[in-house]
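Taking it in order: structure first as structure tokens, then the write-up.
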Amino acid sequence: MSQKRVCPRLLDYLVIIGARLPSSESIAQTPELLRRYPLEDHQDFPLPPDVVFFCQPEGCLSVRQRRTSLRDDSSFVFTLTDKDSGVIRYGVCVNFYRSFQKRSRDRPDRTTARGSAAETPDNEQNNSDSGSSLATHSADSTPDISRSPRLKRQLKSGNRSRNSTLTSLCILSHYPFFSTFRECLYTLKRLVDSCSERLLIKKAGSLKGIQRDTMWRLFTGSLTVEEKSSVILHDVREIESWIYRLLHSPVPVPGQKRVDVEILPRDLQPALTFALPDVARFSLVDFPLHLPLELLGVEPCLQVLSCILLEHKVVLQSRDYNALSMSVMAFVAMIYPLEYMFPVIPLLPTCMASAEQLLLAPTPYIIGVPASFLLYKTDFKMPDDVWLVDLDANKVIAPTNAEILPVMPEPEATELKKHLKQCLVSLSVIMQQELATTEKVHFTISFYCFHAAVLCLGICPWLLAEGTNLTEII
């Protein structure tokens, strides 16, 4: 196997995805790129335009809700594979609902003079090209409610039930540091939320026209910063500086040096550690390998692994994006020391045009789709040679003309199932004890090695006996 080229960047891009003009109706809109860092494309990796669909696979939803809770936040991962080079880039996404102000239909919002960390285009249409400039509407754009008792009542009831729109923070990288990148995104969200809360506290003083969503409207490009709002400008520049410092973090040397990144002062949060294993050893695994076993059970999981090793087409579906994408990656990792040489798409967006055509590929594949995927693709018929794995219902649905899978040999099959069940019990105990990060990493690697050995001893000889053309052995 050829040695992989090391990318000199720890992070490639940090982007914000959502709707520039959220609808007050409960409808799904096409996601848009609202903000991107850095502004310029990397020569070896331009920012893919389809990233907006992967961040919001079922479209940008706007809802009415009484209050925002932590349960509204979700995180998941996805991959982008270059069709020419085969290089994989990883996306780590945090989705949440942010409140937004309902726009007046009879008059457009007015903007004020520019004054941000980067210049704002004169034309708002140009601003939709998602540069790093941040801008805020004037307080005059807020309708005068003193003359309308009806509008007063509507706004009063609106405080109890606010309009909220789906917003995504996403990091794109060549490296699968899923948990640490996720922590970076949640920290960024907390920084923006904290600035918003501080602005609300100061609202009674000199700052006028400040709303609950002011800071997020700045970062999503729907507001222009007033030059006199020095507090807002200071916060904006501090947050942008934080983002650029993160983007310029160095890359750890595989198997030799780690990188500790302080995203907050050490008295508030310990530094995040980035480290890569030696290129000649196991790949970095920063996700739960045992997840498919937990979701499906041992026997259905082995059935799916058999389909993958026998080069069948496999589609996984779930309402949970994170469980879906990580299960796909876990199945691919489980066949080590074999390498899957066919297309792997952990998360295929529902809202991406013609996405269903990928399921018609003549080659084997492993693809994850949201539970709504087939419901929205009404004119599409699933090929009759695809094995469908429903992670929510914990079942494997065989195609209509499926070949009967060969029975695994005994006593290896019984021994394999026993070991996997023991692993699940051990993992449950360890997760409940909330071990330290290093211990978790060591246990994950131990489980990886053990499971790979069991698969090689139990499944691979059986497949070779069946005359299967296995994928490339590393």
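The values are calculated or read from the model by the stated rules, or taken from the named source; none is laboratory data. Since we're looking at a predicted model, the values are computed, not measured. Note that we place each Cβ from the backbone using ideal geometry, even for glycine, and neighbour counts take in every protein chain shown.
What the table below lists for this structure:
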item: Subset of region 176-192 [out of contact with any strand residue (DSSP E or B) (no Cβ under 7 Å at 6 or more places or on another chain) and in contact (Cβ under 8 Å) with a residue 40 or more places away in the chain]; result: 179, 187, 191, 192
item: Within region 16-33, tally of residues that are polar (S, T, N, Q) and buried (at least 18 other Cβ atoms within 10 Å of the Cβ); result: 1
item: Within region 272-342, helices (runs of 4 or more DSSP H) holding 1 or more residues that are under 19 Å from the mean Cα position of the chain (by Cα); result: 291-296, 321-334
item: Pairs where the first residue, in region 280-308, is over 25 Å from residue 182 (Cα atoms) and the second is aliphatic (A, V, I, L, M) and at pLDDT below 90, C-beta under 6 Å, 6+ apart; result: 298/420; 306/405
item: Residue in region 270-284 that is polar (S, T, N, Q), surrounded by 12 or more Cβ atoms within 10 Å (Cβ to Cβ) and touching a strand residue (DSSP E or B) at 6+ places or on another chain (Cβ under 6 Å) present; result: yes
item: Options 404, 366; residue that is modelled with pLDDT of 90 or more and of a type in the set (A, V, I, L, M, F, W, C); result: 366
item: Candidates 105, 98, 36, 67 - the one that is modelled with pLDDT of 95 or more, over 14 Å from the mean Cα position of the chain (by Cα) and either surrounded by 13 or more Cβ atoms within 10 Å (Cβ to Cβ) or not in a strand (DSSP E or B) (or both); result: 36
item: Residue within region 393-401 that is part of a strand (DSSP E or B) and surrounded by fewer than 16 Cβ atoms within 10 Å (Cβ to Cβ) present; result: yes
item: Subset of region 9-31 (residues that are closer than 30 Å to residue 174 by Cβ and either acidic (Asp, Glu) or free of Cβ contacts under 8 Å to residues at least 12 places away in the same chain (or both)); result: 12
item: Residue list for region 39-60, restricted to those being surrounded by fewer than 19 Cβ atoms within 10 Å (Cβ to Cβ) and part of a strand (DSSP E or B); result: 42, 45
item: Among the residues listed as 420, 416, the single one being modelled with pLDDT of 50 or more and either loosely packed, with under 14 Cβ neighbours inside 10 Å or under 21 Å from residue 316 (Cβ atoms) (or both); result: 420
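Per-residue answers, yes or no, for (1) touching a Lys or Arg at 6+ places or on another chain (Cβ under 7 Å); (2) at pLDDT below 75; (3) assigned by the TED database to the domain that holds residue 40:
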site: 219; (1), (2), (3): yes, no, yes
site: 222; (1), (2), (3): yes, yes, yes
site: 229; (1), (2), (3): no, yes, yes
site: 232; (1), (2), (3): no, no, yes
site: 236; (1), (2), (3): no, no, yes
site: 242; (1), (2), (3): no, no, yes
site: 253; (1), (2), (3): no, no, no
site: 258; (1), (2), (3): no, no, no
